[in-house]
Every structure is written in C-alpha cells, then in structure tokens.
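Here's the structure, in structure tokens; my notes come after.
Please treat every number below as a calculation from the coordinates, not as lab data. Remember, it's a predicted structure, so these values are computed and weren't measured experimentally. Here Cβ is always computed from backbone atoms with ideal geometry, including for glycine, and neighbour counts include all displayed protein chains.
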Amino acid sequence: MHSFHQDIVDDDYVDVSRDVELVRPGPDTKTATTTCKQLGSTAVHDGHLIYVSSYIDSISAILRPISLKIHDNPELKFEEFIAHDTLTKFLKTRQGWKVTPSAYGMATAFVAEFDSGRKGPVISYNVEYDALTEIGHSCGHNLIAICSVAAALAAASTMTKFSVPGKVILFGTPGEEGGGGKIKLLDAGAYSEHAVDINLISHPGNVPDSALVRTNAYASFRVEYFGREAHAAASPWEGINALDGLITAYNALSVLRQQTMPGDIIQGHITDGGSTPNIIHAYAAGVFVVRATNKKRLKMLREKVGNCFEAGAQASGAELKITPGMAYDDHVPNKILGGVCRTAFNALGGEIPTADLDLIWGASQASTDQGNISYAMPSLSLGFKIESEVGPHNPGFAKAARTRAAHDAALKAGKALAVTGLEILSSRDLLKAAREEFEDMLKGQDE
C-alpha cells in the first residue's frame, strides 16, 4: 500500500502505479472477502473486489484535495472551469488515459478514455461538478466527481492487472442542475461515438444506501399571457386582464391536484403580475414545473396541466404563449446492474436490501439528466448515504459533503461501481441480460 501526503494541491499530484501490490488487504477488503463467501455470491469476482478496494484506498489521499477544491470553488452550470481544469489536469497524469478537455462543444465537458487494447465491452462513468446558486455544493457533486473518477481509474487498473478486455470512458458532464449537460452529450453523439454499453454514476443523500435509485420525469416551461391595458377604474371593460388569465389557470391547477396520481407534482411561481394596481394588466407570466414517476405518465399530466392554462386564456380573453424549458426523463435503474452493485457494496460493509425493497427505498421525486441516459443504455445511479441533518439543496448538506466521512462514503460507492463495471466487462451473459432488460423496459414504455 502506498502512502501519500495529505495536502496535495494544484500541480502536486502523485502518480500512483496502476499495478498496486496487494501485500495485505485492509479492513474493507477483509470484510469484502468474508461477506462474499458468506453470501455464496457468484456475481462478484473476489479478486476484482479485493484489488479495486486496495487500489482506491491507495489514491484516496490524492482524490481528497480534488474534492475539496471543487467544493470550495462552487461554479454554476456550464461555468465549472476550475472543476474542469482540476479534473482534466489530474487525469492527464494517469498512465494509459487519453483526455479530451472542452469536449463536444462545451467548454466544461470532457472525455477521458482508457483502452485495454483488447476488444470487449465499453463501460462508462459520468462525472458531475456543478453547484447551486448561493448554496454551493449542497447536492454533493464534488463527491459524485471523485466517486466516478475513483471507479473509472480502479476499473482500468484492474483491467490491466487481470487482462480484462474492453474500454473505460469517463465523461465530464457539466450543468446537471437545470442545464442538461448529459442530454447535450447524448445529442452530440458522445455516448454513441464511443459505443458505450452501460453507464454508471452515484449520488449522495441522507437516506439509506440504494442501488436501484429511481427519479421522476420532469418538464419546465414558461407561461405568458398577453392582454390589453386600460384604466382599471375609468374603463376596465376596454382592457383584457392577462393576470386574470394566469390566476384562473393557477386556481385550476390547484383543483387538478385533487385528481392527480401519487408521484404527480405540479409546481410554479408568478414572475410577472403587473406593475401597478390601477391598470388592467396587459402582461403576466410564470414559470412552472411538472413531475411524474415516468415520462409516459408525464406526457399525460402535461396535457392536463396545459388544459388549465388554456382555460385561463379562454376565461380572460388573453393570448397564451407557452415556451418549453428543460426536461429530464425519469431514471430507470437496470436491475441486472443493480444486483451486481448491491453484492459489491454489501461485501464492503453496506446493507442495501433486496431488489423489491431497494426499489422502494431508492424512489425519489427529484429529477436528473441521468434519467435520459437510462433511456439510451442500461444505467445505474448508486445512492450512498452521508451523515447530514438535512437533505440535498440545503446549505447544511453542502457542509456535510465536505467532511472526511462523506469522502470515505463516496470512495466506498466508487469501489462498488468499479466492480459493477468490471463484472460487465468480464461476463457476456451479464451484459446480454442487462441489454435484454433495457430493451424490455423500452418496449414497456411504448405500450
């Protein structure tokens, strides 16, 4: 096991050999080996698990300052220049990795590729690193970044050690918070050009660990009503009140909520409600969001919500304009990938329950552009718990995401994701099963 100085900054990265000598397993490794045997699992190669665990432990001290640098320099969507430069600079020091900064027309996206030189599947990991306005890394994207980097590097090193064929691709995906960076990469052909077979990522939270995280489908849009001004006291009949149209629609949405399904969410706020009370308002506007458990249900809900806005226009006489905004598909976890990940994570001391319960624990009404990835290829988003009194998108969670305990939790998740990718690289049957499940899911959406 190598030892490293804890205070590595900027250019002072240490080049760790990819051929880590496993002289003596650490605590996680002992637990992993014992637990795998107790479970009688054949889904995880013990040698891979032991090697990955030791390798990631050996680079923990390098990844920690990277995480802190991203955390302490929060950058908004598509402006993550410090994070982009820190990550790409580091990856360029890694033997065997080809790094492309500012990839696919986005200044803060990147692609890093490791090719074993032997034909095989292509596994990929997504890296997130954008922050939230005013509350910084309160979604823990600094942890997502080092988790994916650790997983990708460990998978590549293991491929060399054990002669595993295939490729590992690491995608730097900016703008998850409302920017849809992964969607932009999908549309630009990033995943298809690299012939990616599966995609893996993680996300921290203050909820139980989960391999089968599901998220809601989401769509945002801006609503505008255009009326006609008139004096509100002297001649109101000459005006067309745009605000009346918006308020009518807002009230209709409140009534609609009584007949929506569990998982349906309608949110919105009024951004323009008029300038003065003594004028009939010629303009009113708001921004609204709808969410549902899947994109098929979202389409139905979106139509019902649209009818409410049409009703506002009909009632007030104002002209309605709806401008679509960002939209994310729901994330559909691949159960085959989830089964492998669960075995690996639990072998490292985790307690993720069986699939049926995991699907319940892993359900989230939040949304992410990783959902669109799950409709393009088999995908998994491993949820790992960090100690925090509050959940994501709260300043307290940003504080928790900086702790050493959170760092260790992220690397534990990275170990499980590395092993998950390696099992897919090593087993044609597993990859075939994951693909078949994926195809069945797509067919189910079309029915």
### Query
Among D197, D85, which comes first, then next, by fewest other beta-carbon atoms within 10 Å?
D85, D197
### Query
Using Cα atoms only, what is the angle between the long axis of helix 428-446 and the major principal axis of the chain, expressed in degrees (0 to 90) to the nearest 10?
10 degrees
### Query
For V207 and S254, what is the calculated FRET efficiency with R₀ set at 30 Å and r taken between the beta-carbons, to the nearest 0.05?
0.55
### Query
Measuring from centroid to centroid over Cα atoms, what is the spacing of the range 223-266 and the range 139-176 in Å?
49 Å
### Query
R0 = 51 Å: FRET efficiency of A405 with L442, Cβ-based, nearest 0.05?
0.85
### Message
Taking the number of other C-beta atoms within 10 Å as the exposure measure, put V332, V305, V168, V207 in order starting with the fewest.
### Response
V207, V332, V305, V168
### Task
Order these peptides, 380-389, 277-286, by their mean beta-carbon neighbour count within 10 angstrom, highest first.
380-389, 277-286
### Query
So if we plug the beta-carbon distance of Q314 and A234 into 1/(1 + (r/R0)^6) with R0 = 22 Å, what FRET efficiency do we get, rounded to 0.05?
0.25
## Note on the structure
Fewest-first ordering of T276, T420, T343 by Cβ atoms within 10 Å yields T276, T343, T420
### Task
Measure off 7 Å from each Cα along the Cα-to-Cβ vector at V390 and S102, then give the distance between these two points in nanometres to one decimal.
3.7 nm
### Query
Which ³J(HN,Hα) values, rounded to whole Hz and listed in residue order, are derived for the range 326-334 from phi using the Karplus coefficients 6.51, -1.76 and 1.60 in 6.51 cos²θ - 1.76 cosθ + 1.60 with θ = phi - 60°, glycine and proline given as x?
6, 9, 10, 6, 5, 8, 9, x, 7
### Task
Restricting to the chain, compute how many DSSP beta bridges are antiparallel as a %, nearest 5.
70 percent
